[in-house]
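> Below is a structure I'd like to ask you about.
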Amino acid sequence: MYLLTLLSLIGAAVCRTLDTIVEESHADRYVLPKNILPSFYDVILYLDPDNEAYFEGSVDIRIIPQTDTNEIVLQAMEMQINAADIEVFNEFQPTNNLYSSHTLASDDTHLLKIQLSETIPAARVHTLRFKQFRGQYATNMFGIYVSTYTNAAGQTEKLITSQLQPTFARRAFPCFDEPFFKARFRTTIYARPTYNVVESNMPLRPNDDLKKPDVQGWVKHEFQDTPLMSTYLLAYLVSNFQSVSNEANPIYSVPFKVWSRPGTQATAAFALEFGQQNMVELEKYTEFKYDVPKLDKAAVPDFAAGAMENWGLVIYREVALLVTDGVTTTATRQNVGRIICHENVHQWFGNEVSPVSWTYTWLNEGFANFFENFATDLVKPDWRMMDQFVLALQNVLQSDAVLSVNPMTHPVYSPSEIIGTFNAVAYQKSGSVIRMMQHFLTPEVFRKGLAIYIKKHSREAVVPSQLYSALQQALDESDHTIPFQIIDVMSRWAYQGGFPVLTVTRSAAAANSITVAQERYLTDNKLTSPDRWHVPINWVLSTNPDFSDTKPQAWVRPTFPALSFDIPGLTQADWYILNKQQTGYYRVNYENSNWLALAGALDTDHSVIHVLNRANLLDDAFNLARNGRLNYQIALSLSRYLVKEKDYIPWGAINPSFTYLDSVLSGSSIYSLFQQYVRQLTAPLYEELGFIAADGEEHVTPYHRNIILDLNCRYGNAECTSTAQSLLEGFKNNPEQPLNPDIQNLVYCAGLRGGSVENFDFLWERYLSSQDHSEQSILLNALGCTSNAERRSFYMQQVISDTSPVREQDRHTILVSVTNASPESTEAALDFVIENFAAIQPRVQGLTGTTNILNAFARRLTTQEHSSKIDELSSRHQSILTAGELASIAGIRENIAASITWNTDNAAIVEDWLQDNYGNGGGDDDIGSGEEPDDEDNGSPALLSGFVILISFVVTVFNH
Ligand SMILES: [Zn+2]
């Protein structure tokens, strides 16, 4: 499953304290006994989009008792099942019905318990038959549900689709609905003749092999039996969609189709080509052929997740699959590629090999997250996905730095706990830890280990130790070694939340060794944790700045508080760097003299340091400063080289730190100095990139342009604002000539920030009239930028209005966009959410609607007043808050506490630095022209006075 919202925001973290309230009996309450195994399901569904009251079906389940038993326990949800319709019999005596009675739980266990009139013996195959049941279409997009769209003639068209992961197959038919229970499925769908595209996981059965009777008024669609698979991967589609296929010109050998609304087929071209190319690469990489006879991709208008990897019938939200040239932004096109790849990866990691339970969601989503980048890179190397990966890693370090975060492996039992595991930890953190594993094992050992894993456990459900032993086998067969068993290394990474910060110092000025200490990194530095890890490290010296070999040169062990490592040649080096290309999932802090030397090296010739390490140094320095581990003046000094930085990745790395400074400094006396500093740094790129895309520019340049223009337009560059406004005027006067989609959000935001009602109304009308989900998404994100209180309030009302034209899957975007627009808008959004949380909760459909809103607050709320408001939010709505929401609120509290401390500890330090360099007597031209070092060879930076005073021992090298 792909969660669209995780692209920019952090998912819910299930609060660790929940463990303490989970009783011993908790697992027993939800988890099915393993004494009966299903092997085959024969499922019939009658699906009619024009009768939304219910659907009907029947199912025969072939079961094999593992022990003698007189009870069968499985799951069913929101289902009417009559006693007369249940039969249990063995294959030799089909008329001897052993059914005695049954109960169907009305709580969230969804347990369906069937008592038998006699004990059935172990290993004797029986059939459990539901001759008829009546199910409910889901109204929250989890289960089988009805969706609508407007056709070219302006009429409403209906369709039926499904989302069964993680616990909603039980809402489609009674079943053993845990990934552990793999079986084969025979599916038959009876649909009305007005719906001619009916699809499921497998191709249709040939006419000479039909099994089911015809039924008057219905058209029968019989599908071939599936391979052995988990229930959550089943899928259904009843529609009048149209498709494009690879039949005429296959890039990939398996029949491959993209289904979507009639009239949108031209927008499926990208998915068709990229999807096939990507499957070819993944088969090569895994050495394992995709083994279902077709691969369909379907774009549906309403979808809870971004996409879902159902075997053979992958379902996407439209914006996650369709690409319109001239309308779709570069970022969205990239996301479409990434999401297609993510779902393709699941055909192996998830479908062939599944986790035994959702406690190990990361076995699916961590690999999908890692490979959605790695395997997109195989097809589109110019997209620089593995460089961009570092920005995602840095993003998740932020959310993984609270004590309340859950570890990768996290026991979950109830449906709400299970859905809570589909969070940033299972996706980006696990993906980042997997990338670290790729580098400490070396890429080829890693690849071979995964090939062993897939081959050995194909069609099985596994636990992480089975992954580790496959990787260990590949490692043992290779020339590469590590000093620990993989299971020992990975257990700590998987069972402990968070990550370490390494504190590194030269052991002595004349010694060729460093001392490394580790501890858990927590945003709120008043908190501590005993957790420690096996940390792979490698290093680069200024005397040989080669960052290419990412194998570990040593390991920091969990059992020692600090360790010494010999580094030959260290005394000759001006600077050193640990964690080449930031392949390790941790932060590194150095002694001040090394930070200073690094700032100097960046200032002198930043190309000496690998671009990913430049990004890494910025991100680590600003976060360590925010965390009280490094003086802010060092971080700020490090950032000064950015005036010469032309690569997007370091700018992508610094941008969140500038956003944080923006939120803590806004309203303060030095806010304008901070803005002035940022404008100084961005001035050369503002000139170079401008508003107009150049022919043949790099794939990531539009992202870079957006950062630079956004900072300029928000931080008082009048020319930026006026250019944006004139572009918007031009578009209003000539709407047939749309703007470059990559700058639309920025231009619209700039036009709304001034409070223009006319601009808001124009863009809102544009949203209402657009049929393109990409364009709608840009507009929805931009409209929150309005500073007009009345229009902002109107916009937020769309979240809870019964008549709003905004699809429920998209509504959380409204509040996230308002929250992120400005400090004033953050306040307005917070007040709105406090007042209306109960109304918002059921209307922001999708997986992580409310938690995404709360996580947007986590990045914006910084003061004691905010803390009081969060108290009010949680006390007013205590009774309805879910586990995921409670965890998000805990994260907000930790972040606010850290920000309050920030103000006490850092405000004056940052003010001093800015005043000294950009205040009265400083000035715009001063940047980069501080005191010059007297020794040309030491590579020290042009440091600024306030900074030099602070770091007294460095003063001696300066010419005062
Ligand atoms: Zn996924």
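The values are calculated or read from the model by the stated rules, or taken from the named source; none is laboratory data. Everything numeric here is computed off the predicted structure, so don't read it as measured data. Note that each Cβ is placed from the backbone with ideal geometry, even for glycine, and that neighbours are counted across all protein chains shown.
> Restricting to the stretch 541-592, name every residue that is part of a helix (DSSP H, G or I), in contact (Cβ under 8 Å) with a residue 60 or more places away in the chain and in contact with a strand residue (DSSP E or B) (Cβ under 8 Å, 6 or more places away or on another chain).
So in the stretch 541-592, the residues part of a helix (DSSP H, G or I) come out as 570-572, 580-582, 592.
If we keep only those that are in contact (Cβ under 8 Å) with a residue 60 or more places away in the chain too, we end up with 570-571, 581-582, 592.
Matches in the stretch 541-592: Leu570 only.
> If only one of Ser430, Ser416 is at pLDDT below 90 and of a type outside the set (Lys, Arg), which one is it?
On the way: Ser430 fails: at pLDDT below 90.
Being at pLDDT below 90 and of a type outside the set (Lys, Arg) holds for just one of Ser430, Ser416, which is Ser416.
Okay, residues lined up against (1) modelled with pLDDT of 95 or more; (2) crowded, with 23+ Cβ neighbours inside 10 Å; (3) within 12 Å of the ligand (Cβ to nearest atom):
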site: Ala304; (1), (2), (3): no, yes, no
site: Arg317; (1), (2), (3): no, yes, no
site: Val336; (1), (2), (3): yes, yes, no
site: Cys341; (1), (2), (3): yes, yes, yes
site: Phe349; (1), (2), (3): yes, yes, yes
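> OK, next. Which of the residues spanning the stretch 664-708 are within 26 Å of Phe857 (Cβ to Cβ) and surrounded by 19 or more Cβ atoms within 10 Å (Cβ to Cβ)?
In the first step, residues of the stretch 664-708 are kept if they are within 26 Å of Phe857 (Cβ to Cβ); the result is 664-672, 674-675, 678, 703, 706-707.
Of everything in the stretch 664-708, those that are within 26 Å of Phe857 (Cβ to Cβ) and surrounded by 19 or more Cβ atoms within 10 Å (Cβ to Cβ) turn out to be Val664, Leu665, Ile670, Phe674, Gln675, Val678, Tyr703, Asn706, Ile707.
> OK, next. List the number of the failed condition for Met386; all other conditions in (1) assigned to a helix (DSSP H, G or I); (2) touching a residue at least 24 places away in the same chain (Cβ under 8 Å) hold.
Checking Met386 against (1) assigned to a helix (DSSP H, G or I); (2) touching a residue at least 24 places away in the same chain (Cβ under 8 Å), the one that fails is (2).
> Shifting gears a bit: Test Leu612 against the stated conditions and say whether it is over 20 Å from Tyr918 (Cβ atoms) and surrounded by 20 or more Cβ atoms within 10 Å (Cβ to Cβ). First the steps, then the outcome.
Working: over 20 Å from Tyr918 (Cβ atoms): yes; surrounded by 20 or more Cβ atoms within 10 Å (Cβ to Cβ): yes.
When the stated conditions are applied, Leu612 passes them.
> Just give me the residues in the stretch 500-530 being part of a loop (DSSP other than H, G, I, E, B) and either outside the structural domain of Asn579 (by the TED database) or among the acidic types (Asp, Glu) (or both), in sequence order.
Taking the stretch 500-530 and keeping what is part of a loop (DSSP other than H, G, I, E, B), we get 507-512, 521-530.
Listed by number, the list holds a single entry, Asp524.
> Tell me yes or no: at least one residue of the stretch 283-299 is within 14 Å of the ligand (Cβ to nearest atom), assigned to a helix (DSSP H, G or I) and either within 30 Å of Leu746 (Cβ to Cβ) or not assigned by the TED database to the domain that holds Arg447 (or both). If you could, list the steps in order and put the result at the bottom.
The first filter runs over the stretch 283-299 and keeps only residues within 14 Å of the ligand (Cβ to nearest atom), leaving none.
No: the stretch 283-299 contains no residue that is within 14 Å of the ligand (Cβ to nearest atom), assigned to a helix (DSSP H, G or I) and either within 30 Å of Leu746 (Cβ to Cβ) or not assigned by the TED database to the domain that holds Arg447 (or both).
> Please enumerate the residues belonging to the stretch 734-782 that are of a type in the set (Asp, Glu), over 20 Å from Val806 (Cα atoms) and touching a residue at least 12 places away in the same chain (Cβ under 8 Å). Please lay out each step first, then the result.
Applying the first criterion (of a type in the set (Asp, Glu)) to the stretch 734-782 yields 736, 742, 758, 761, 765, 772, 775.
Subsequent filtering for residues that are over 20 Å from Val806 (Cα atoms) retains 736, 742, 758.
Matches in the stretch 734-782: Asp742 only.
> Output the number of the condition that Phe760 fails; it satisfies all remaining conditions of (1) surrounded by 14 or more Cβ atoms within 10 Å (Cβ to Cβ); (2) in a loop (DSSP other than H, G, I, E, B).
If we test Phe760 against (1) surrounded by 14 or more Cβ atoms within 10 Å (Cβ to Cβ); (2) in a loop (DSSP other than H, G, I, E, B), just (2) comes out false.
> Using the structure shown, decide if Val412 is away from the ligand (no atom under 16 Å from the Cβ) and surrounded by fewer than 24 Cβ atoms within 10 Å (Cβ to Cβ). Before you say what the answer is, go through the steps one by one.
Working: away from the ligand (no atom under 16 Å from the Cβ): yes; surrounded by fewer than 24 Cβ atoms within 10 Å (Cβ to Cβ): no.
No; evaluated as a whole, the condition is false for this residue.
> Still on this structure, I have one more. In the stretch 429-441, is there at least one residue being within 13 Å of the ligand (Cβ to nearest atom) and either more than 14 Å from the chain's Cα centre (by Cα) or buried (at least 24 other Cβ atoms within 10 Å of the Cβ) (or both)?
Within the stretch 429-441, the subset within 13 Å of the ligand (Cβ to nearest atom) is 430-431.
Still in the list and also either more than 14 Å from the chain's Cα centre (by Cα) or buried (at least 24 other Cβ atoms within 10 Å of the Cβ) (or both): 430-431.
Within the stretch 429-441, one or more residues are within 13 Å of the ligand (Cβ to nearest atom) and either more than 14 Å from the chain's Cα centre (by Cα) or buried (at least 24 other Cβ atoms within 10 Å of the Cβ) (or both).
> Just to be sure before I move on: is Ala474 modelled with pLDDT of 95 or more, within 24 Å of Leu403 (Cβ to Cβ) and touching a Phe, Trp or Tyr at 6+ places or on another chain (Cβ under 8 Å) in the structure I sent?
Numbers: modelled with pLDDT of 95 or more: yes; within 24 Å of Leu403 (Cβ to Cβ): no; touching a Phe, Trp or Tyr at 6+ places or on another chain (Cβ under 8 Å): yes.
Considered against the rule, which asks whether it is modelled with pLDDT of 95 or more, within 24 Å of Leu403 (Cβ to Cβ) and touching a Phe, Trp or Tyr at 6+ places or on another chain (Cβ under 8 Å), Ala474 comes out as no.
> For the stretch 800-901, which fully contained helices (runs of 4 or more DSSP H) count at least 2 residues that are within 21 Å of the chain's Cα centre (by Cα), more than 26 Å from Leu661 (Cβ to Cβ) and outside the structural domain of Asp772 (by the TED database)? So that I can check it myself, show each step before the final result.
Numbers: elements: 811-821, 823-840, 849-858, 864-876.
Once the helices (runs of 4 or more DSSP H) in the stretch 800-901 are filtered for at least 2 residues that are within 21 Å of the chain's Cα centre (by Cα), more than 26 Å from Leu661 (Cβ to Cβ) and outside the structural domain of Asp772 (by the TED database), what remains is 811-821, 849-858.
> Can you tell me which residue is nearest to Asp620 (Cα to Cα) among those in the stretch 660-710 that are of a type in the set (Val, Ile, Thr) and touching a residue at least 60 places away in the same chain (Cβ under 8 Å)? It would help to see each step written out before you state the result.
Initial filter on the stretch 660-710 (of a type in the set (Val, Ile, Thr)): 664, 670, 678, 682, 692, 700-701, 707-708.
Pick out the ones that are also touching a residue at least 60 places away in the same chain (Cβ under 8 Å) and you get 664, 670, 700.
Details: Val664: 18, Ile670: 24, Val700: 22 Å.
Checking each candidate, the answer is Val664.
> Of the conditions (1) surrounded by fewer than 24 Cβ atoms within 10 Å (Cβ to Cβ); (2) in contact (Cβ under 8 Å) with a residue 12 or more places away in the chain; (3) away from the ligand (no atom under 16 Å from the Cβ), Asp377 clears all except one; give me its number.
Answer for Asp377: the failing condition is (2).
> Test Leu636 against the stated conditions and say whether it is within 20 Å of Leu685 (Cα to Cα) and in the same structural domain as Ile577 (by the TED database). First the steps, then the outcome.
Details: within 20 Å of Leu685 (Cα to Cα): yes; in the same structural domain as Ile577 (by the TED database): no.
Taking the combined requirement at face value, the residue does not satisfy it.
> Looking at the stretch 534-578, which of the residues that are among the charged types (D, E, K, R) and closer than 25 Å to Leu602 by Cβ is farthest from the chain's Cα centre (by Cα)?
In the first step, residues of the stretch 534-578 are kept if they are among the charged types (D, E, K, R); the result is 546, 549, 551, 557, 566, 574.
If we keep only those that are closer than 25 Å to Leu602 by Cβ as well, we get 546, 549, 574.
On the way: Asp546: 32, Asp549: 28, Asp574: 39 Å.
Among those that are among the charged types (D, E, K, R) and closer than 25 Å to Leu602 by Cβ, it is Asp574.
> Another one. How about the stretch 92-108: which of its residues are within 21 Å of Phe173 (Cβ to Cβ) and either exposed (fewer than 12 other Cβ atoms within 10 Å of the Cβ) or of a type in the set (Ser, Thr, Tyr) (or both)? Talk me through it step by step, then tell me what you get.
At the first step, the residues of the stretch 92-108 found to be within 21 Å of Phe173 (Cβ to Cβ) are 94, 97-99, 101-108.
Scanning the stretch 92-108 gives Pro94, Tyr99, Ser101, Thr103, Ser106, Asp107.
> In this structure, does Ser399 turn out to be polar (S, T, N, Q), more than 16 Å from the chain's Cα centre (by Cα) and in the same structural domain as Val463 (by the TED database)? Explain how you work it out, then say what you get.
Values: polar (S, T, N, Q): yes; more than 16 Å from the chain's Cα centre (by Cα): no; in the same structural domain as Val463 (by the TED database): yes.
Considered against the rule, which asks whether it is polar (S, T, N, Q), more than 16 Å from the chain's Cα centre (by Cα) and in the same structural domain as Val463 (by the TED database), Ser399 comes out as no.
> Here's another thing I want to ask about it. Step by step: first the residues of the stretch 351-374, then only those that are of a type in the set (D, E, K, R) and within 13 Å of the ligand (Cβ to nearest atom), then the one that is surrounded by the most Cβ atoms within 10 Å (Cβ to Cβ). Which residue is that? It would help to see each step written out before you state the result.
Start the filter on the stretch 351-374 by keeping residues that are of a type in the set (D, E, K, R), which leaves 352, 365, 372.
Then keep just the ones that are within 13 Å of the ligand (Cβ to nearest atom); that gives 365, 372.
Details: Glu365: 32, Glu372: 28.
Of everything passing the filter in the stretch 351-374, Glu365 is surrounded by the most Cβ atoms within 10 Å (Cβ to Cβ).
> Now for a different question. Restricting to the stretch 643-654, count the residues that are part of a helix (DSSP H, G or I) and crowded, with 21+ Cβ neighbours inside 10 Å.
Here is the first cut: in the stretch 643-654, the residues part of a helix (DSSP H, G or I) are 643-644, 648-654.
Of the ones still in play, those that are also crowded, with 21+ Cβ neighbours inside 10 Å are 648-654.
Result for the stretch 643-654: 7.
> Taking only the stretch 109-153 into account, find how many residues are over 24 Å from Tyr236 (Cα atoms) and surrounded by fewer than 16 Cβ atoms within 10 Å (Cβ to Cβ).
12
> Got at least one residue in the stretch 553-570 being within 20 Å of Met490 (Cβ to Cβ) and charged (D, E, K, R)?
So far as the stretch 553-570 goes, yes, one or more of its residues are within 20 Å of Met490 (Cβ to Cβ) and charged (D, E, K, R).
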